[in-house]
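Report on the structure given below.
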Amino acid sequence: MLDPQQNSSRPLISITPRKKSVRFNITSPSPRIPKLTNQNDSNHHHHPLNVSYTVPSTTINIDHITNQSHMQHLNNHIEYIPTTRRNNLQINGEKILPQQKTLDELQQFMKLKAENLRRNMTQVAETFNHASTHLNHLKEEQQTVLKRPSRIPISTRYRSPSPTIVIYKKPQHRSIDDLRWYCLARKFSILWQKKIFGCHIRRIKFFYQQKLLQKYFLLWRNIIKNDPNELIAIEFRHRQLLKTYFHIWLNFTSQDQIAIEHISHKRIHNAWNIWKMQLNKRRSHQQQFVIANKQYHQRVLFRFYRIWQMNTYQRRQEHEKSLRSNYHYRVHLQRVCFNAWLTYIEYRRRKNIHKKRVHDYYERRLVGGIYSKWKQALTRKLLIQQHEHRLAQLQERVLMRWGFEQWKSYIHDLADEQRTMHMAEQYSDRRIM
């Protein structure tokens, strides 16, 4: 790999390790690294050459992040002090075994860890949001100065900042120093997430969503899935109530139906009288409105007729001029269209002759192909029928031969059996004698 200092005039990114935090000191004036300034402190200017990002963490040393033994001790929940070098003296790390804790102490310890984790996540999110906002602002200023459109999509430029999106975004056509800075930031962000959370944040989010889904699914299943005996009892109770209310309704209707019919008849008669009065009043108002509207329209039409009669003569002259010009234009168009139509007719005639010839040739070829295929199929069918007939004859002969062999073996067996019976009878007679 080539030396980056020989290919670039800007100095490299220097990383200074810290015990309680990871600080990235960028000494190069990179245009893609934002200033960490508050929006409220607009009058206070920071030097662009010295920009630092502080990512909080818990007891981490950047020199020993990639140490496999250190990560193994972290997985085994053993507190470990890594190897350091101070004042030209190497200090070896040591293991501190945890003491036995009770259940209350463990619960308190877990609450404290959860609180610290929430605080760290909030601070990290604010830091990355602040950095991403200033990075977008600096890119907008740079595009304004250069007077060219931005290559960053609008969805990327004006979205809510996210640590994973900002850190893991692969730069396109960047310099070697900026590419190195992005790769280092991505590496240490992933290592910090594994150190704090034990695995990647995406896996934690997925596991949390699955657990929530499982929890609420169990609640829904316990609510929906009732005891079948309880459902039968509820249905029986509803049917009993329905039967009781039906009997009550029958008794009520048999007693009060006459009174209800009389009241309904009186109400209908009263409503009918009121409706007739309102209808007569509405008809009279409608007739008055129609007469007034007709008179108003006649006045308006007469007024516009006078105006039209005054302006008709000039428009008639203009219309006659337009008719004459339109007549000459249509005659010219007819001449042009007639010539084009004659040309098109000749073209269509030749095209139809050619299509007819092609169609006849295609039909002859199609009929010949179909006839040859039909002839082959018929020949094949006859051969298959002859073969089937020969197979049937052969099968009949085989069956006859098999039946004859069976009958022959049966006759021989019967003769042997009779001979054996005769010998047994003679032997029994001799024994008796």
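The values are calculated or read from the model by the stated rules, or taken from the named source; none is laboratory data. On a predicted model such as this, the values are computed, not experimentally measured, just so you know. No Cβ is skipped: glycine too gets one built from the backbone with ideal geometry, and neighbour counts run over all protein chains shown.
Points worth noting:
- The residue that is modelled with the highest pLDDT, counting only those in the range 99-118 that are within 17 Å of Gly198 (Cβ to Cβ) and surrounded by 11 or more Cβ atoms within 10 Å (Cβ to Cβ), is Asn116.
- From the options Arg330, Arg267, residue that is within 60 Å of the chain's Cα centre (by Cα) and assigned to a helix (DSSP H, G or I): Arg330
- In the range 119-152, the residue that is modelled with the highest pLDDT out of those that are surrounded by fewer than 13 Cβ atoms within 10 Å (Cβ to Cβ) and over 30 Å from Phe197 (Cβ atoms) is Glu141.
- Residue within the range 226-246 that is closer than 30 Å to Arg186 by Cα and surrounded by 10 or more Cβ atoms within 10 Å (Cβ to Cβ) present: no
- Qualifying residue in the range 212-224 (condition: exposed (fewer than 10 other Cβ atoms within 10 Å of the Cβ), of a type outside the set (Val, Ile, Thr) and over 30 Å from Arg118 (Cβ atoms)): yes
- Residue match in the range 375-383 (condition: assigned to a helix (DSSP H, G or I), more than 59 Å from the chain's Cα centre (by Cα) and modelled with pLDDT of 90 or more): yes
- Filter result (charged (D, E, K, R), part of a helix (DSSP H, G or I) and either without any contact (Cβ under 8 Å) to a residue 12 or more places away in the chain or out of contact with any helix residue (DSSP H, G or I) (no Cβ under 9 Å at 6 or more places or on another chain) (or both)) within the range 195-226: Arg203, Lys205, Lys211, Lys215, Arg221
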